[in-house]
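The numbers here are math on the coordinates, done by the rules we state, and not lab data. Small disclaimer: the values here were computed from a predicted structure and weren't measured. Here the Cβ is made from the backbone with ideal geometry for all residues, glycine too, and neighbour counts use every protein chain on show.
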Amino acid sequence: MGSTTSPSDKIILVTGINGYIASHIGLILLQKGYIVRGTSRSESAHAHLISGAFKSFADRYQHAVVPDITAPGAFDDAVRSVHAIIHTASPVDFTLTSVEAFIRPAVDGTLSILNSALVHAGPQLASVVVTSSVAAVVDKWRQPPTHAYSEADWNTSGESVARETFTAPVAYGASKAAAERALWDFVATHEPAQRWSVSAVNPGVVTGPPVSFPENPEKLNETLAPIWRVYSGSQEMPPQIGGASYIDVRDVADMHIWCVEHPDQANGQRYLMTNGKAPPQAAADFLREKFPDRDIVEGTPGLGYRKDDYWFVEGEPSLVANKAYKALGVERFIRYDKSILDTVEAFERRWPGYAKNLKR
Ligand code: NDP
C-alpha cells in the first residue's frame, strides 16, 4: 500500500467539493500543498470556488463536473492519476420526500466511485476515505436508551422504519448506513484487486465557520441553517438533529486528511467524530449570553445538555470518539461554544448587518 505523506505533486480527488465539509477539506489540502481535484454536479461551483474559498490556489485546483454520480462510469475520468479519493457527495437535504431520493445517490454514488477507482485510477492510488455519519452507527430502535456507541455499532433499523413511516432525518440516516455498508461490502469483495486503504469518517452534527458561502444565509446547509436561525432571531427553537452529538468542521476535515496521510493505520477503519452533546438550546443559551444586545430565542435554558462542558448526558446514549482522539493525538476536539462563536463571527463577516435582531 502506498503512502501519501508528501503533498507536492499529489492529486487528491474530493467529491461534492462545494459542500460545507468538502470545501474545508479542499482548502486545508490546498494549504498543505496538494493538488485538489473537486467534483460537483454543476459547472457554477468551479467559478464560485476559484473566485472565493480557493482564490489563492487557482493554479493547484482542478474541477470535474459529474452531473449524475449514480451513473456507472460517472467518475472514470475524475479518478485518473489521483493519489487519494475523499468521497463526501451525498444528499443532505431534509426537504427530500422519499427514501429512494436519499438512498440511491448515497449507495450508487459510493459504488460508482469505487468501481471507477478500481479500473481507472492507476497504481498510485493509496487511499479512499468516505464521509459516513453517526447516523450510520446509532440505532435508537434496537439499542437501550443508555447505550455507549462505538465503531462496532450499526444502524440496522433506520431503513425499515423510514420505509414504513417516512421522515427525512430517518431516511437520511438509513442512506448513510446503506452507503457505508456498500463500502465495506465492496472492500470484502474486491480486496485482492483493490490495493488502496479504505476508511470511513462518522461525524455527529457538524458546526463551525464555513469557507465556501452560499449566496445568502437562507441557503446554508442543514446543520448551519439552525445556527443562523437562532443567531438571527427566529423565535422558534430549531428541532434537534438526531441525538445532537456535535463536532466542529475543522476537526472533521483534519480526520479525513489524517486518513489520507496514514493509509496503513486507517485501512479498514471507521472513526466516530463527536465531541459531546449540544442541541440547538445550547447554541441559543450561549448566543444569548454572548450577545445580550440581540433578541435570541429563550426556549428552556439548560435543557437537554451539560452547560459546563457539553459532554454526553448521563442516562442518555453516548458516542465517544476515543479512536479519533487517539489518531489525531488530542484529548478533546473544538468545544461547542468556540465552534458556535466562530460560526456566527464568520456569518457576520460575510453578511454584515443581515441579522436584524438587535434590541432597540
Ligand atoms: P452539503 O449539503 O453542504 O454538501 C453536500 C454535497 O453533496 C454537495 O456538495 C452536493 O454537491 C453533494 N450532493 C448532494 N446531493 C447529491 C446528489 N443527489 N448527487 C450528487 N451529489 C450530491 O452537506 P455537508 O457538507 O454537511 O455534508 C457532506 C457529507 O458529510 C455528506 O456525505 C453528509 O452525509 C456527511 N455528514 C454531514 C454531517 C453534518 O452535520 N453536516 C454529519 C455527518 C455526515 P453539488 O455541489 O453537486 O450540489
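Jot down the per residue volume, in cubic angstrom and as a whole number, of the convex hull over the alpha-carbon atoms of region 198-288.
Per-residue hull volume (Cα only) is 105 Å³.
In debye to the nearest 20, how big a dipole does the chain give about its Cα centre with +1 on each Lys and Arg Cβ and -1 on each Asp and Glu Cβ? Write out the running numbers ahead of the final one.
Numbers: 34 positive and 40 negative charges, 106 e Å.
Charge dipole, the chain, about its Cα centre: 520 debye, nearest 20.
Give me the distance in nm between label points sitting 7 Å out from Cα along the Cα-to-Cβ direction at residue 332 and residue 160, one decimal.
For the pair residue 332/residue 160, the computed spacing is 3.9 nm.
For the charge dipole of region 292-360, defined by +1 on Lys and Arg C-beta atoms and -1 on Asp and Glu C-beta atoms about the Cα centroid, which residue among 322, 346, 297 has the Cα displaced farthest towards the positive pole?
Going by the Cα projections, it comes out as 346.
Which of the aspartates and glutamates could a cross-linker bridge to residue 219, judged by Cα under 16 Å and excluding same-chain residues fewer than eight apart?
Those aspartates and glutamates meeting the cut-off are 93, 348.
With unit charges on the beta carbons (Lys and Arg positive, Asp and Glu negative) and the dipole taken about the Cα centre of the chain, which residue among 149, 120, 61 sits farthest to the positive side?
Value computed over the given set: 61.
Let me check against my output: what whole-number percent is the relative contact order of region 168-315, with C-alpha pairs under 8 Å and at least 6 apart? Show your work: numbers first, answer last.
On the way: 181 pairs, mean separation 39.4, N = 148.
For region 168-315, the relative contact order is 27 percent.
Any chance you could give the angle, 0 to 90 degrees and rounded to 10, that helix 20-32 forms with the longest Cα principal axis of the chain?
Result, in degrees: 60.
Using a cut-off of 14 Å between beta-carbons, work out the net charge of the residues near residue 324 (Lys and Arg +1, Asp and Glu -1, residue 324 not included). The partial results should precede the final answer.
Working: positive: 250, 270, 323, 326, 332; negative: 151, 248, 251, 254, 331.
Within the 14 Å Cβ shell, the charges total 0.
Given the options 23, 157, 245, which has the most mean-square fluctuation in a GNM of the chain, springs set between C-alpha atoms less than 10 angstrom apart?
157
Taking amide H positions as placed in the peptide plane 1.01 Å from N, state which residues far from residue 10 in sequence (5 or more) or on other chains have amide H under 5 Å from it.
Close amide H contacts, sequence-distant or interchain: 35.
Find the relative contact order for region 40-115 and round it to a whole percent, using C-alpha pairs within less than 8 Å whose residues are 6+ positions apart.
Across region 40-115, relative contact order equals 32 percent.
What is the magnitude of the charge dipole of region 62-209 about its Cα centre, with +1 placed on the Cβ of each Lys and Arg, -1 on the Cβ of each Asp and Glu, and no other charges, expressed in debye to the nearest 20?
That gives region 62-209 a dipole magnitude of about 160 debye.
Rg to Rh ratio, region 230-360, alpha-carbon atoms and Kirkwood radius?
Dividing the radius of gyration by the Kirkwood radius yields 1.03.
Give me the dipole magnitude in Debye, nearest 20, for region 193-334 about the Cα centre, with unit charges on the beta carbon: positive for Lys and Arg, negative for Asp and Glu. Intermediate values should be presented prior to the final figure.
Working: 14 positive and 19 negative charges, 80 e Å.
Dipole magnitude for region 193-334 comes out near 380 debye.
Which of 99, 201, 161 moves the most in a Gaussian network model of the chain with Cα springs under 10 Å?
For the chain, modelled as a Gaussian network with Cα springs under 10 Å, the answer is 161.
Go ahead and set up a Gaussian network model of the chain, Cα springs under 10 Å, then flag whichever of 102, 166, 347 fluctuates most.
So, out of 102, 166, 347, the one fluctuating most is 166.
Run lengths n ≥ 4 of DSSP H only: what is the helix-derived mean residue ellipticity at 222 nm for the chain, with -39500 (n - 2.57) per run over all residues, to the nearest 500?
Only helices count here, giving -10500 deg cm²/dmol.
Region 176-226: D in µm²/s via Stokes-Einstein (Kirkwood Rh, Cα pairs, 10 °C, 1.306 mPa s)?
For the chosen part, D equals 113 µm²/s.
Quick one, what does Rg over Rh come out to for the chain if you take C-alpha atoms and the Kirkwood Rh?
Rounded to two decimals, Rg/Rh equals 0.96.
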